[in-house]
Every structure is written in C-alpha cells, then in structure tokens.
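What follows draws every value from the coordinates through simple rules; no lab data is involved. Everything quoted here is computed from the prediction, not taken from an experiment. Backbone-built Cβ (ideal geometry, glycine too); neighbour counts: all protein chains shown.
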Amino acid sequence: MDTEKFLNEAKESIKGADKGKAEELAKKAVAEGMDPLEVINKGFRLGITEVGDLFGKGELFLPELILSAEAMKGATDILTSALPDSATKRGKVVIGTAQGDIHDIGKSMVVSFLQANGFDVYDLGRDVETQKFIDKAKEIDADIIGMSALLTTTMSVQKTLIQELKKAGLREKVKVMVGGAPATQRWADRIGADAYGVDAADAAKKAMELLGEG
Ligand code: B1M
C-alpha cells in the first residue's frame, strides 16, 4: 500500500467531512495492521487541524466544522477500539473534559490509550463540573485525575481543579495530568500539575511514569 497516498486520503476525508469514507479508511488501516496513532496523527488529524484553522479564520462555519468533527470521531473511535488490551493491571484514572468545554475527540483517544496500557479508566465525559472529578476520585480511590481542555477559556479550570484538590486535602494523594491543544509543559508546571501529555501515547507514558513505572 502507498502509505503517503493513504494518509493523504485520510486527511482529505476529514476536510471533505466524508464520514463514510473516513470510517472506511480507518477500517482499512486496522485490517492492514497500521499503527493507529500514526494514522491519526499523520492523516486524519491534519485534516481536522486544517478545518479548524479555516474555521478560526472565519473561512468555514460551525456546521461544516461539526460535520468534519463527526467524521474525525468516527475514524478515531474505529482506530482506537482496535488497540490491543493490556494484560498488566495498572492504576485508576478519572478523566474528563473541563467544565464549559465540549471537545472530546482527543480526550477519548487518551482514554483508549490508557485502557490499552492497563489502566482502569473512569471517563466522566465532557463539560464536567470540577467537583465531579474530585468526588469520583474519592469514591474510587483514584491514582490520577486527567483533565482535558481545548479552549483557552477552559484551560484555567485545570488550575481550579488543583486548587480544589488542595482544599479537599487530596492533593498529596492524587496525581494530576493535564492536556489538550492549548496546554503545554510550561502551563502544567505553572499550575503545579504532575504531568502533561502532548498526545494520547504520551499521556499513557506519563501516567505510567506517575505510578513509578516509566
Ligand atoms: Co472547536 N475550537 N469549538 N469544535 N475545535 C478549537 C479548539 C479551536 C482552536 C478552533 C479554531 O478556532 N481554530 C477554537 C478554540 C480557540 C481558543 O480557545 N483559543 C475552537 C472553538 C472556538 C470552538 C467553539 C467555541 C466554536 C463556537 O461555538 N463558536 C465551540 C466550543 C464550544 C464549547 O466547548 N463550549 C467549538 C466546537 C467544536 C465542535 C463541537 C464543532 C468540534 C468538537 C467535537 C468533539 O470534540 N466531539 C470542534 C473541533 C473538532 C475543533 C478542532 C478543529 C479540532 C479539535 C480536535 O478534535 N482535534 C479545534 C482546532 C484544533 O485543535 N486545531 C477546535 C483532534 C484531536 C485528536 O486532537 O483534541 O488536540 P486534540 O487531542 C490530542 C492532544 O491535545 C492530547 O491528546 C489528544 C490525542 O492525541 N490531549 C491530551 C487531549 N486531551 C488530553 C488530556 C491529557 C493528555 C493529553 O491528559 C489528561
């Protein structure tokens, strides 16, 4: 197979908001045994990034962005559900997208990668109240709380989470990992998070490091 051509088709399927095509390509990648993360990062993700850039410049509108996002979600769900299960059992992670933020494609990829690496993951979904992260972590005795944020306005909720954990007397007990497009290692350091994941594979690696298994 011509990988470059395939990855370009993947990118174009998202730009064209062609969910059927995107899912067909994702299934083909799984059947061919391609690396899911590589297919997403070097193919589908470039498409959604271009669409996002056009949206940011006002050259494309929300309904079109939504259709491209649906195609992206369809493809990433197929690719990540094909990740092999891990026999190793690691820690418990509570994860969700910050309150006020409905972006969940990347967060769902992180969930799949954590599960594939043996973590018990409690996915709270998107637009999740900060207190819910804390309540769930207490309830299940979580090792890690992960919060995703895609908006510059919701990034600050990651900081709030850490402040609220301190108030609840849980900061020493639970590690915090942050991620999402606007987040950086610098941001994580600034708010006192324990880890920052640049992508789904890195998030799984960092989670293992947090449990001393790096
Ligand atoms: Co929105 N959106 N969006 N959007 N959207 C952005 C983020 C934006 C940058 C687009 C732009 O203007 N260029 C912009 C934010 C600007 C800003 O804050 N400065 C934006 C905006 C403005 C909005 C709305 C406000 C638009 C509106 O309504 N007027 C609105 C937000 C509403 C809200 O949340 N309250 C909105 C809505 C949407 C859709 C619903 C249409 C859709 C989301 C669908 C969904 O998620 N179910 C959408 C999309 C698709 C995007 C872009 C185009 C793509 C995001 C994405 O899925 N990327 C995005 C532009 C961009 O990011 N370039 C954009 C692919 C995904 C695989 O990558 O999410 O980065 P990513 O996840 C990666 C890593 O970041 C990391 O691992 C993932 C996998 O490798 N990661 C973690 C993520 N979470 C992690 C957590 C971790 C560790 C790593 O630890 C816990």
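Overall, the stretch 7-54 carries a charge dipole of about 80 debye about its Cα centre when +1 sits on the Cβ of Lys and Arg and -1 on the Cβ of Asp and Glu, all other atoms neutral. Principal axis extents of the Cα atoms in the stretch 99-159, from largest to smallest and rounded to whole angstrom, are 32, 24, 16. The angle separating the long axis of helix 130-140 from the principal Cα axis of greatest extent in the chain is about 70 degrees. Label sites at T153 and R186, each approximated as a point 7 angstrom past Cα along Cα to Cβ, lie 2.4 nm apart.
Each Cα pair under 8 Å and six or more residues apart adds its separation to the average, and for the chain the resulting relative contact order is 17 percent.
Using the Kirkwood radius over Cα pairs, work out the Stokes-Einstein diffusion coefficient for the stretch 92-210 at 25 °C and 0.890 mPa s, in µm²/s as a whole number.
Working: Rh = 13.5 Å.
Rounded, D is 182 µm²/s.
Across the stretch 156-206 the C-alpha pair distances fall into 10 Å bins from zero in the proportions 26, 54, 20, 0 percent.
Within the straight-line cut-off of under 25 Å between alpha carbons, the lysines reachable from K15 are K5, K27, K28, K42, K57, K73, K107, sequence neighbours fewer than 8 places apart in one chain being disregarded. A Förster radius of 35 Å, combined with the Cβ-Cβ distance separating D127 from E4, puts the computed FRET efficiency at roughly 0.40.
Using 0.36 nm per residue and subtracting the Cα-Cα separation, the extra length available between I66 and S81 on full extension is 3.2 nm. Shown in residue order for the stretch 142-149 are the 3J(HN,Hα) couplings computed by the Karplus curve 6.51 cos²θ - 1.76 cosθ + 1.60 at θ = phi - 60°: 6, 8, 9, 10, x, 10, 9, 8 Hz (x for Gly and Pro).
Can you tell me the equivalent ellipsoid semi-axes for the chain? Use √(5λ) from the Cα gyration tensor, largest first, whole Å. Can you show the working numbers first?
Details: eigenvalues 184, 84, 35 Å².
So the three semi-axes of the chain are 30, 20, 13 Å.
Entry for the stretch 1-59 at q = 0.19 Å⁻¹: log10 I(q)/I(0) = -0.61, Debye formula applied to identical alpha-carbon scatterers, no solvent contribution.
Taking θ as phi - 60° and the Karplus parameters 6.51, -1.76 and 1.60, the scalar couplings of the stretch 88-98 work out to 6, 9, 10, x, 9, 10, 9, 9, x, 9, 4 Hz in sequence order, x denoting glycine and proline.
Per-residue Karplus couplings for the stretch 62-77, computed as 6.51 cos²θ - 1.76 cosθ + 1.60 with θ equal to phi - 60°, are listed in order as 3, x, 5, 4, 4, 5, 5, 5, 5, 5, 4, 4, x, 5, 5, 4 Hz, Gly and Pro entered as x.
Highest first, please rank the peptides 78-88, 136-146, 186-196 by the mean number of other Cβ atoms sitting within 10 Å of their residues. Don't skip to the answer; put the middle values down first.
Details: 78-88: 14.5, 136-146: 19.8, 186-196: 16.5.
My ranking of the peptides, most packed first, is 136-146, 186-196, 78-88.
Each part gets one Cα centre, and for the stretch 69-89 versus the stretch 1-41 those centres are 13 Å apart.
Okay, helix-only estimate at 222 nm for the chain: each DSSP H run of n ≥ 4 adds -39500 (n - 2.57), divide by all residues, round to 500 deg cm²/dmol; what do you get?
Working: 10 runs with 119 residues, N = 214.
Rounded to the nearest 500, the figure is -17000 deg cm²/dmol.
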